[in-house]
1. Given the conditions (1) under 23 Å from the mean Cα position of the chain (by Cα); (2) at pLDDT below 80; (3) at negative phi, which single one is not true for Pro14?
2. Residues in segment 25-37: is at least one closer than 30 Å to Ile6 by Cα, at pLDDT below 80, out of contact with any Ser or Thr (no Cβ under 6 Å at 6 or more places or on another chain) and in a helix (DSSP H, G or I)?
3. Note down all Cβ pairs under 7 Å where the first residue falls in segment 46-74 and is assigned to a helix (DSSP H, G or I), the second is at pLDDT 90 or above and aromatic (Phe, Trp, Tyr), and they're at least six residues apart or on different chains.
4. Looking at segment 10-24, which of its residues are loosely packed, with under 10 Cβ neighbours inside 10 Å and in a helix (DSSP H, G or I)?
Amino acid sequence: MIHFLIAIGLSLIPGITQACSTCYGASDAPATQGMNWAIITLLGVTGGMLASVGTMIIRLKNRAKNLTSKHKEL
């Protein structure tokens with residue numbers, strides 16, 4: 001019930017419910033440029049972490065393979 005009342009109250013005051021320039025699609029707005037750089041940064045960090053985990057898994061697999069081959073030779 002409280003959510004319904006909040007929705008009704010916000011719809012009666014349209015000045016506070018308007019979207020910002022980023023939501024309207026103003027590509028030259030500083031907020032839009034900042035958000036684009038934030039997305040690029042987060043993708044870089046996420047990609048770097050995934051690449052690091054993948055590299056570590058491959059290195060561990062190769063080390064295990066080398067250890068078993070050396071162990072078989074003895």
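The values are calculated or read from the model by the stated rules, or taken from the named source; none is laboratory data. Fair warning: this is a prediction, and the values are worked out from it, not measured in the lab. All Cβ positions, glycine included, derive from the backbone under ideal geometry; neighbour counts span all protein chains shown.
1. Single failed check for Pro14: (1).
2. No, segment 25-37 contains no residue that is closer than 30 Å to Ile6 by Cα, at pLDDT below 80, out of contact with any Ser or Thr (no Cβ under 6 Å at 6 or more places or on another chain) and in a helix (DSSP H, G or I).
3. none
4. Of everything in segment 10-24, those that are loosely packed, with under 10 Cβ neighbours inside 10 Å and in a helix (DSSP H, G or I) turn out to be Ser11, Leu12, Pro14, Gly15, Ile16.
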